[in-house]
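In what follows, a single structure is set out as structure tokens and then discussed.
The values are calculated or read from the model by the stated rules, or taken from the named source; none is laboratory data. Values in this document were obtained by computation on a predicted structure and should not be read as measured data. Positions of Cβ are backbone-derived with ideal geometry, glycine not excepted, and every protein chain shown enters the neighbour counts. Ligands, DNA and RNA are excluded from the accessible area calculation, which covers all protein heavy atoms including side chains. Shrake-Rupley method; radii C 1.70, N 1.55, O 1.52, S 1.80 Å.
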Amino acid sequence: MNRELRRSKWMIMASVGLAFGCAGSLVAAGEAEDIAAVIEATAKYADVSVALAEGFVPAGECVSAAGEGLPPEWGAMGIHYIHPGKLQITATEPRVDGDSTHVDFLNPAILMYEPQADGSLELLGVETLVFQAAWAEAGNDDPPAFAGKPYDVMADDPNTTADEAHAFEPHFDRHVWTLRENPNGGFAPFNPAVTCEHAADY
């Protein structure tokens, strides 16, 4: 690899690391490479019409921490556009259920958008969700992982007023904030730099 190519690769890795550092620290080089690949593969969805043409559909309202009964300072996730085929949805009531074991972030099952004041949508990042029952039935003992980090475990706690599973059956999920820096880390579920304040304009 010549000097210019090495320099270009280092600059890309550094910029991705800065965007996805946790508490201001750089992510590991391997993580940055994984995230850079996701950014490149999913950049086309910045145009929501591309997402719609590929079978993604909006799923519910703009999700904010406050709206879920969680601390408002956590921020928001935005509007989720899901791909029913990739999630293999089998039911929507009383909670969303499915057979998904899809973990390919280069071909994600969920996209996250922030509503803008002019009625447009801005792509924030991507998500992959795996239903716990389907994952276990496929013979897996450990949660899925991305960039060496296990997915978050999501299940509603009936003893709280919050809906920790966001109307889904127990599942594993992982958010990757590709186009919006998250001060809490590139894999954190909520992003304090995201708002639902313009959801009514969407």
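Output the residues belonging to segment 134-187 that are under 16 Å from Val103 (Cα atoms) and of a type in the set (D, E, K, R).
Result: Glu137, Asp141, Asp142, Lys149, Asp152, Asp173, Arg174.
Working only within segment 75-90, note down all residues that are touching a residue at least 60 places away in the same chain (Cβ under 8 Å) and in a strand (DSSP E or B). Give the steps one after another, and end with the answer.
In the first step, residues of segment 75-90 are kept if they are touching a residue at least 60 places away in the same chain (Cβ under 8 Å); the result is 75-79.
Within segment 75-90, Ala76, Met77, Gly78, Ile79 meet the criteria.
Take Asn140 and decide whether it is over 24 Å from His198 (Cα atoms) and open to solvent by 60 Å² or more (accessible area, probe 1.4 Å).
No: the conditions fail for Asn140.
So, in segment 146-171, exactly how many residues are within 15 Å of the chain's Cα centre (by Cα) and open to solvent by 50 Å² or more (accessible area, probe 1.4 Å)?
Looking only at that region, the number is 3.
Taking Ala133 as meeting all but one of (1) in a loop (DSSP other than H, G, I, E, B); (2) open to solvent by 50 Å² or more (accessible area, probe 1.4 Å), write down the number of the exception.
(1)
Pairs please, first residue from segment 148-171 and at pLDDT below 90, second anywhere and open to solvent by 40 Å² or more (accessible area, probe 1.4 Å) and of a type outside the set (D, E, K, R), Cβ atoms under 6 Å, 6+ apart in sequence or on different chains.
Every condition considered, the pairs that remain are Thr161/Gly69; Ala162/Gly69; Ala165/Ala155.
So Gly55 fits all but one of (1) open to solvent by less than 20 Å² (accessible area, probe 1.4 Å); (2) assigned to a loop (DSSP other than H, G, I, E, B); what number is the exception?
Checking Gly55 against (1) open to solvent by less than 20 Å² (accessible area, probe 1.4 Å); (2) assigned to a loop (DSSP other than H, G, I, E, B), the one that fails is (1).
Identify, by number, the condition in (1) of a type in the set (Val, Ile, Thr); (2) touching a Gly at 6+ places or on another chain (Cβ under 7 Å); (3) closer than 29 Å to Glu33 by Cα that Val126 doesn't meet.
Condition not satisfied by Val126: (2).
Just to check your reading of the model, which residue among Glu33, Glu93 is open to solvent by 60 Å² or more (accessible area, probe 1.4 Å) and at pLDDT 90 or above?
Numbers: Glu33 fails: at pLDDT 90 or above.
When all the criteria are applied, what remains is Glu93.
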